[in-house]
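Take a look at the structure below.
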Amino acid sequence: EAEIPESHPRYESLLTRHRIEHGVDIGITSRQGLIAQGRGEAYDYLLGERTLDSADAAARAAAAHFLLADHPVVSVNGNVAALVPGEVVELAEATGADIEVNLFNRTDERMERIAAHLREHGATEVKGLTADGRIPGLDHARAKVDADGIGSADVVLVPLEDGDRAEALAAMGKTEIVVDLNPLSRSARAAAVPVVDNIIRAVPNITRHARELADAAPAELRDIVDAFDAEAALADAERAIREGGEAE
Ligand code: ATP
Ligand code: MG
């Protein structure tokens, strides 16, 4: 990572790419994760590699949902673990959320490695290894969750989630927050709160909002949740891709 000069105009993008490559090298990110990263980079480039105002509003609504939740869970896959392990731990601490490892291509070895990686970054408890719960409507391998984790969560943050799983979790009645740079993705469309932003920026931003709202009354948090319009946020991201710049 050290050889990229910080003055490089696409420094953050190159750093992100190196983190994913490293994730593959140490066995926490799958090879498919490289392809997902490439897709994300393309959208980030089109969005101007910045956080749109509409994405910031989504991050604030996500924080309000987390603070109102009885049992919030942050789901972590191989890309998330490679890109923002410490930031996920900080978000969980700021909101009292559980952390659960959840893989599209699940292997016990990769599950263990990601859990260990998160513990190295300060996580005290990492769920996902028990796999005694199921998401209805998905085939066996894709359906596995912890009964006392995602299985019993009321609010779930699923960054970079596969479309089928995102739809199945929403169908279970969970309030789903998705981080996905593609506003057309089924995952983003299934979410109560789609955060169309790079995970590198989105997770710390949700944490910042959660800290700012830590002492807010539940009524204020509910107002933030109610004022958020998912359709409008997705439309604004599409508009930014087509036209560039912020909305008038
Ligand atoms: P589906 O329509 O089923 O959701 P998909 O094309 O989204 O299909 P995935 O492989 O799940 O299939 O795609 C990964 C998603 O993650 C892409 O939409 C991509 O834009 C997004 N993504 C990849 N890297 C990042 C990142 N660093 N931050 C935010 N989103 C990302
Ligand atoms: Mg998707």
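Summary table below
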quantity	calculated
Which numbered condition ARG242 misses (of (1) away from ligand 1 (no atom under 15 Å from the Cβ); (2) under 20 Å from LEU47 (Cα atoms); (3) touching a residue at least 60 places away in the same chain (Cβ under 8 Å); (4) part of a helix (DSSP H, G or I))	(3)
Residue count for the range 166-194, restricted to those that are closer than 13 Å to ILE150 by Cβ and not basic (Lys, Arg)	9
Near pairs, Cβ below 6 angstrom, 6+ apart or cross-chain, from the range 1-17 (within 17 Å of LEU47 (Cβ to Cβ)) to any residue that is modelled with pLDDT of 80 or more	THR16/ILE200
Set VAL80, VAL73: member being within 16 Å of ligand 2 (Cβ to nearest atom) and either under 27 Å from HIS209 (Cβ atoms) or in contact (Cβ under 8 Å) with a residue 12 or more places away in the chain (or both)	VAL80
Top-ranked residue in the range 12-29 [being at pLDDT below 95 and polar (S, T, N, Q); ranked as farthest from ligand 1 (Cβ to nearest atom)]	SER13
Residue among ASN198, ASN205 that is within 22 Å of ALA240 (Cβ to Cβ) and more than 11 Å from ligand 1 (Cβ to nearest atom)	ASN205
Residue in the range 146-162 that is at negative phi, within 12 Å of ligand 1 (Cβ to nearest atom), in a helix (DSSP H, G or I) and out of contact with any strand residue (DSSP E or B) (no Cβ under 8 Å at 6 or more places or on another chain) present	no
Qualifying residue in the range 55-65 (condition: over 17 Å from the mean Cα position of the chain (by Cα) and among the acidic types (Asp, Glu))	no
Selection from the range 183-211 of residues that are in a helix (DSSP H, G or I), β-branched (Val, Ile, Thr) and more than 18 Å from PRO72 (Cβ to Cβ)	ILE200
Residue that is surrounded by the fewest Cβ atoms within 10 Å (Cβ to Cβ) [pool: residues in the range 161-173 that are away from ligand 2 (no atom under 14 Å from the Cβ) and in contact (Cβ under 8 Å) with a residue 24 or more places away in the chain]	ALA171
Filtered residues of the range 39-68 (kept if of a type in the set (Phe, Trp, Tyr) and surrounded by fewer than 24 Cβ atoms within 10 Å (Cβ to Cβ))	TYR43, TYR45
Hey, ALA36 surrounded by 15 or more Cβ atoms within 10 Å (Cβ to Cβ), modelled with pLDDT under 95 and touching a helix residue (DSSP H, G or I) at 6+ places or on another chain (Cβ under 7 Å) or not	yes
Residue satisfying condition, being modelled with pLDDT of 95 or more, farther than 15 Å from ALA55 by Cα and within 16 Å of ligand 1 (Cβ to nearest atom), within set ALA190, ALA214, ALA237	ALA190
Count of the range 99-144 residues which are surrounded by 19 or more Cβ atoms within 10 Å (Cβ to Cβ) and among the polar types (S, T, N, Q)	1
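Residue-wise test of (1) over 18 Å from the mean Cα position of the chain (by Cα); (2) β-branched (Val, Ile, Thr); (3) more than 16 Å from ligand 1 (Cβ to nearest atom); (4) modelled with pLDDT under 95.
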{"site": "GLY96", "(1), (2), (3), (4)": "no, no, yes, no"}
{"site": "GLU125", "(1), (2), (3), (4)": "yes, no, yes, no"}
{"site": "THR130", "(1), (2), (3), (4)": "yes, yes, yes, no"}
{"site": "ASP139", "(1), (2), (3), (4)": "yes, no, no, yes"}
{"site": "ASP180", "(1), (2), (3), (4)": "no, no, no, no"}
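The values are calculated or read from the model by the stated rules, or taken from the named source; none is laboratory data. Please read all numbers here as calculations on a predicted model, not as lab measurements. Note that each Cβ is placed from the backbone with ideal geometry, even for glycine, and that neighbours are counted across all protein chains shown.
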